[in-house]
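Structure, as structure tokens:
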């Protein structure tokens, strides 16, 4: 069975490696060999072992009827969308690791796949090496999923873990993560939570069966988290993690991406460094959690190749994923309820005037005080905290 | 689509509940309703909501051509084997939660299913609510699995967690677990590791593609673990867990079930109470872990119903599981290497005479001393420890 890779970067080259290193078991599992025929990339790779597979025009792959499976590891919405669409329309099944593409064009591409009786899958788009997509679409199918909480961005989890362990401040850790290659030159997509937002949009689409627009999800990153916040967290016996959450509310879901203060008995408390984990609560299943590498060339490629085995086993058998193009109207995020940890320069009497009796959690700081509110809706909290004033930072509790 | 349940106990009645409670999403996911037509049980259930479905003769189900999917939740090898075989031969797909049946007759039943172009699946047989079977057979298919370490028995993990937290001794905790219904009257299968042994035999069969005989796996339970062992563990900053392990060794695997001393950074260290977790290391994927309820009526039923959705989606489409009837010759367990924690009444000079320089980990006990050996094969360790004598207990380190 002939296959092609579009995009010969970190993940694409990882896919070529996995196909080579695990050739024997893959052949056994598929029933025939997965033979790499093309690699699409505009760059030249002189001396590369796959040099002879390299092509610069996607139509070369589209036109080749022998190619049944195409891997998209280019990233970004365009030209990935145009290329993937053309492959599906040419009767080829596609797997992608590209969460931007799936979050933006997932419903449309699944519809095109359905019409052309091929499959479009994307295990590597969320949680790298964690097989969370197939867990939701093919394993936890007996359940109504009531909650997902995910640490699904390795860059930010690495940074938060290091801030916690070393007491460093945000800017310092960002520079270090960039020098180690864990954070990009422009780290916005990671540190501002956009990446996590796209991922929870994809997961919420899968569990609801409808299309979630990631623009509807309130998203905060970690760029405002400071060394002082971690000092408070330590005093409270908690850790700070960037969570991407969705929770069932009536017929729909309520979503948010934000840093949260986690207790040690929270399932995600111990998830450290670049590792990712997804907590899922089902109405029958109860608690479950899936943990693994969130990124990296080989773990992500492993997920892509797992998808290739799936596609090879299901040639001419379109498999239902259950994510329609109908839009899911998310529940109003202003009605979500949390306890909030607040740092403020306001006085104790001012605090109690607005928030009533609260739990104080103070460090030896002259000009501020920290406290945890009772459970309030986002809406109530906003009103009271703006009335209070002097807010230095706010982190929700989970 | 008509379905039947064989065995109306804890899990079987859970399956009936899940089918009822989640009827709407199940119908959506399958494309038609899963209608419960028969429940096979020798007992009477007067007043039960499914009373009219109850039958006493399995041939009533075999003969009914409308029934396409049968659930086996009776437990034990016979008569479950006879009944399941008859269902498969009658062209019905089967899912079972029965690890004894799968460990003993799995290869044979899969072969019968293949011949009759139906499916035989068993997600609930290992790890209850953790979808570990499908994760291995349908998700991590890009990898060669190099290691599995599993906490896959809720009873023993509950007991060990309580011994650790309360300092209780084994007999006391067993009585408590029995009174709470967490341990059976005859707890042998759980506490002596037989249940975990069958489960790791199943998982090793799945990753190797060959049939593992559970009788070949050296198995120790927790019945010799004492409150004193936990005092030593605490002094070493470790926890004691019953692990079921397999590790790739050349072309085969090396397996063992035994209590192990785990460090806090071990992926399974924090798995407490009745929860289960499976650690998997793939050659491309690296570390991953899957956590959830190991038992219980609804979590286990959730896995069974997930299988029913799979079976319904694959009527007339036999799906390859990749577990042949050829026997896997496991690697010689005597060649496995570990560090061993040893309690002995021997003197320090006797210890160092046999084991050279060791790490002592002593409590304030008059008549014994604890130490950790260097890494040794099982074989070497046995020789040296029997030469030393005065052994009170031995626990391996992981």
Point to revise | GNM top mover of B:244, B:124, B:258 - chain B, alpha-carbon springs below 10 Å | key: B:258
Review point. Angle, helix A:10-21 long axis vs. longest principal axis of chain A, Cα atoms, 0 to 90°, nearest 10?
Key: 50
Review point. Taking other Cβ within 10 Å of each residue's Cβ, how do B:74, B:87 sort, fewest first?
Key: B:74, B:87
Revision key, fill the gap. Using alpha carbon centers only, region B:71-97 is separated from region A:159-183 by a whole-angstrom value of 55
Check your understanding: Helix B:297-313 versus the longest principal axis of chain B: what is the Cα-based angle in degrees, 0 to 90, to the nearest 10?
Key -> 50
Study note, to complete from the structure: Highest GNM mean-square fluctuation among A:102, A:305, A:77, for chain A with Cα springs under 10 Å, belongs to A:77
Point to revise | Helix A:170-179 axis, angle to chain A major axis (alpha carbon atoms, nearest 10°) | key: 20
Review point. Does region B:133-294 come out rounded, prolate or oblate, given a ≥ b ≥ c as the square roots of the eigenvalues of its C-alpha gyration tensor, rounded meaning a/c under 1.5 and, failing that, prolate meaning a/b above b/c?
Key: prolate
Point to revise | Over the protein assembly as shown: helical MRE at 222 nm, DSSP H runs n ≥ 4 each giving -39500 (n - 2.57), nearest 500 | key: -10500 deg cm²/dmol
Revision key, fill the gap. Highest GNM mean-square fluctuation among B:365, B:206, B:330, for chain B with Cα springs under 10 Å, belongs to B:365
Check your understanding: Shape of the protein assembly as shown from its Cα gyration tensor (a ≥ b ≥ c, root eigenvalues): rounded if a/c is under 1.5, otherwise prolate when a/b > b/c, or oblate?
Key -> rounded
Exercise for review: Give me the distance between the Cα centres of region A:220-257 and region A:311-376, rounded to whole Å.
Suggested key: 6
Practice item. Grab the Cα-Cα distance for residue B:265 and residue B:374, subtract it from 0.36 nm times how many residues apart they are, and report the gain in nm with one decimal. Key: 37.2 nm
Point to revise | Spread of Cα-to-Cα distances over 10 Å intervals beginning at zero, given as percent, for chain A | key: 5, 22, 29, 23, 13, 6, 2, 0
Exercise for review: Calculate, in nm to one decimal, what residue B:21 and residue B:226 gain on full extension: separation in residues at 0.36 nm each, minus their alpha carbon distance.
Suggested key: 69.5 nm
Revision key, fill the gap. If labels are modelled 7 Å from Cα along the Cβ direction, residue A:365 lies from its partners in the other copies at nm distances, smallest first, of 4.9
**Study point:** Least to most buried among B:139, A:53, B:379 (fewest other Cβ within 10 Å first)
**Key:** B:379, A:53, B:139
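Between residue A:314 and residue A:176, what is the FRET efficiency for a Förster distance of 45 Å, r being their Cβ-Cβ separation, to the nearest 0.05?
For R0 = 45 Å, the calculated efficiency reads 0.55.
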Check your understanding: Relative to the other copies, what are the label-point distances for residue B:186, with labels 7 Å from Cα along the C-beta vector, expressed in nm at one decimal and sorted shortest first?
Key -> 6.9
**Study point:** region A:11-49 versus region B:1-59: alpha-carbon centroid distance in Å
**Key:** 47
Practice item. Give the nm distances, rounded to one decimal, from residue A:389 to the matching residue in every other copy, measuring between label points 7 Å along Cα toward the beta carbon; shortest first. Key: 8.5
Practice item. Can you tell me the relative contact order of chain A? Whole percent, Cα pairs under 8 Å, sequence separation 6 or more. Key: 18
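Read-outs throughout are calculated quantities, based only on the coordinates presented, and are distinct from any laboratory measurement. Nothing here was measured: the structure is a model prediction, and the numbers come from that model. Ideal geometry is used to build each Cβ from the backbone, glycine not excepted, and the neighbour counts take in all protein chains shown.
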